[in-house]
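Here's the structure, in structure tokens; my notes come after.
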Amino acid sequence: MDLSELEKDNTGRCRLSSPVPAVCRKESCVLGVDEAGRGPVLGPMVYAICYCPLSRLADLEAMKVADSKTMSESERDRLFAKMEENGDFVGWALDVLSPNLISTSMLGRVKYNLNTLSHDTAAGLIQYALDQGVRVTQVFVDTVGLPEKYQDRLQQCFPGIDVTVKAKADALYPVVSAASICAKVARDQAVKNWQFVEDLEDPDADYGSGYPNDPKTKAWLKKHVEPVFGFPQFVRFSWCTAQTILEKEAEDVLWEDSPTQDREGPERITSYFSKGPRARPHVPHRYFQERGLEPATTL
């Protein structure tokens, strides 16, 4: 899989796809959706679709595709290569969402949670297949959140398509299994060949599984947290594990806009990401204080 576009810029999102098989523009097709890397604190999340004509679904099953989590990396690579060899009837596309994109979305002024980001990415890939001329008539999706709500939303987006959203769909429907293999192969390759934009002294790759509860992952995070600037962009800094390490290892921050008399000590930078109410009252910006401006509550 050629991820050269991602390696040029891994700070946002990157879409990759196979050529569309000619038969998929002529015959009714089934399409599967799955992701890889939703839970890890390190690396990107990858959403993938895989599709083929309904008349060739048995041929896809004959490749013995299965849930990518049950396979070794070499097995996944072999099956992806097999799908590429059968590009005359199998097509795929994927979106690689960088850790930076995920975290800035979740912590932005207007919150964009991971479920909504996942749903929108899946819908975007289905629409992409339709825009490429694929005659999609059935869609199977591995659920994120409640399957009923997710299915209703996709069905409203694509009223002319029969949509099924299920838990463990990657183990139930071969076309979703194929999508899960595409997603996992892409994520594994992206993580293995990650281009650090930061000047790290020793960017070792011994970070374990990348999941928050992995001791190796936690050790890697502690090693690579910079006291002032935080983590490399390989890290999803919106994850609780990353924020906890910031609290312990990073420097305290004083904000210049806070009047001296109101300061009771330095606040942690992560306190500004807190969902709950802050203990201190809101203080107007210095611009308003110097000009004696106050908010008008009545006219």
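Rule-based calculations on the coordinates, nothing more; no lab input. None of the values given here were measured: they were computed from a predicted structure. When we count neighbours, we look across all protein chains shown, and the Cβ atoms used for this are built from the backbone with ideal geometry, even at glycine.
Could you tell me the extents of the range 193-244's C-alpha atoms along the three principal axes, largest first, rounded to whole Å?
Result for the range 193-244: principal-axis Cα extents of 26, 24, 15 Å.
Among the lysines, which have Cα under 26 Å from the Cα of LYS248 when same-chain residues fewer than 8 positions away are ignored?
LYS111, LYS216, LYS218, LYS222, LYS223, LYS275
Give me the one-decimal nm value for the distance between modelled label points at LYS222 and ASP152, 7 Å along each residue's Cα-to-Cβ direction.
Placing both labels 7 Å beyond Cα along the Cβ direction yields 4.6 nm.
According to the Cα gyration tensor, what semi-axes, each the square root of 5 times an eigenvalue, does the equivalent ellipsoid of the range 85-152 have, listed from largest to smallest in whole Å?
Over the Cα atoms of the range 85-152, the semi-axes work out to 26, 16, 10 Å.
Using only alpha carbon positions, build the gyration tensor of the range 120-218, then give the equivalent ellipsoid semi-axes as the square roots of 5 times its eigenvalues, largest first, whole angstrom.
Square roots of five times the eigenvalues give 34, 17, 13 Å.
Strictly greater than 20 Å: what percent of every Cα pair in the range 162-225 meets that?
Across the range 162-225, Cα pairs with separations above 20 Å total 49 percent.
Convex hull over the alpha-carbon atoms of the range 1-153: what's its volume per residue in Å³? Walk me through the numbers before you get to the answer.
Details: hull volume 19.6 nm³, N = 153.
So the per-residue Cα hull volume is 128 Å³.
From the C-alpha coordinates alone, can you work out the Kirkwood hydrodynamic radius of the chain, in Å?
Computed over Cα pairs of the chain, the Kirkwood hydrodynamic radius comes out at 21.4 Å.
When the Karplus curve 6.51 cos²θ - 1.76 cosθ + 1.60 is applied with θ = phi - 60°, which whole-Hz ³J(HN,Hα) does each residue of the range 182-187 get, with x for Gly and Pro?
4, 5, 6, 4, 5, 5
Suppose each label sits 7 Å from its Cα in the direction of the beta carbon; what would the GLU249-TYR128 distance come out to in nanometres?
3.3
Report, by chain and number, residues whose modeled amide H sits under 5 Å from the one on GLY208, excluding near sequence neighbours (fewer than 5 apart, same chain).
The answer is none.
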